[in-house]
Amino acid sequence: MRHVDPAIMIEMIEQRASKCERESYEQHLTDCRRCAAEYDSWWTFLSGLCPSSLTDAPTELINECIAIYRKPEPLPSRFQRASLLFDSFLQPLAVAGLRGTPAESRQVVLHTQVFDVHVKVSGKESDRRIMAQLLPLQPDTIIDGAQIQLHIPGCPAQVTRSNELGQFTFSGVPNGPLSFFIELPSSGSIVQFSVQGG
């Protein structure tokens, strides 16, 4: 018997050959090494072209797997830090004072997610006065009655509250870096910032 034609091998692999043809060629494939090797290579090739019988995983399982590797959302913190927008001490001498004379006061503007803070520090180093104002970024932010704590290393903390305009004052403030903690009455969030230097 002559060798099996490749077209017939493909029909056998795809199960399109009749039962009678298949039985006669299967006997030849058992006896002929060359045809058996060619049949195996065709079977390997065609099985790789078949559509995959795999199905997608259930959506719930996919979502559970994604959740394993998803970074958890950070919990909202009560504490926020303010960023410095302006400090008159960091400006050129011509802005800080006239003809080399030091300015009588220091102006600092800070920004938070909720409000801006304008701070004016004036007076002698041992007896400074701080006047400041909270300027809310949203009209519905309540700043009346915000508690402000002032901390200076080595000194007891001073506490005051803002008025309905967000203004507050500290008097008799000793020399040293100033650390402020501002707690808003409505949200309970605390904003922290420091004013370094003189």
Exercise. Do you know which residues across the stretch 145-169 are open to solvent by 80 Å² or more (accessible area, probe 1.4 Å), in contact with a Gly (Cβ under 8 Å, 6 or more places away or on another chain) and within 19 Å of Leu110 (Cα to Cα)?
Worked result: Arg161
For this session: Could you please give the count of residues in the stretch 121-142 that are closer than 17 Å to Ser179 by Cβ and either among the charged types (D, E, K, R) or touching a residue at least 60 places away in the same chain (Cβ under 8 Å) (or both)?
Result: 2
Exercise. Restricting the first residue to the stretch 165-185 and requiring it to be at positive phi, which pairs with a second residue that is open to solvent by less than 60 Å² (accessible area, probe 1.4 Å) and among the β-branched types (Val, Ile, Thr) meet a Cβ separation below 9 Å and a spacing of at least six or different chains?
Worked result: Gly166/Val117; Gly166/Ile143; Gly176/Ile152
Exercise. If you take the residues in the stretch 131-144 that are of a type outside the set (Asp, Glu) and assigned to a loop (DSSP other than H, G, I, E, B), which one is least open to solvent (accessible area, probe 1.4 Å)?
Worked result: Ile143
For this session: Write out, first by first residue and then by second, each pair whose Cβ atoms fall under 7 Å of each other, whose residues are 6+ apart or on separate chains, and whose first residue, in the stretch 1-16, is under 13 Å from Cys35 (Cα atoms) while the second is in a loop (DSSP other than H, G, I, E, B) and open to solvent by less than 80 Å² (accessible area, probe 1.4 Å).
Result: His3/Cys32; Ile8/Ala17
For this session: Filter the stretch 186-198 down to the residues that are in contact with a Lys or Arg (Cβ under 9 Å, 6 or more places away or on another chain) and at pLDDT 80 or above, then identify the one that is surrounded by the most Cβ atoms within 10 Å (Cβ to Cβ).
Result: Val191
Exercise. Mind checking whether some residue in the stretch 58-77 is in contact with a helix residue (DSSP H, G or I) (Cβ under 9 Å, 6 or more places away or on another chain) and modelled with pLDDT of 85 or more?
Worked result: no
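The values are calculated or read from the model by the stated rules, or taken from the named source; none is laboratory data. Computed from a predicted structure; not experimentally measured. Cβ coordinates were reconstructed from backbone atoms using ideal geometry, including for glycine residues, and neighbour counts include every protein chain displayed. To get the accessible areas, we keep the full protein, side chains included, count just its heavy atoms, and leave off ligands, DNA and RNA. Shrake-Rupley method; radii C 1.70, N 1.55, O 1.52, S 1.80 Å.
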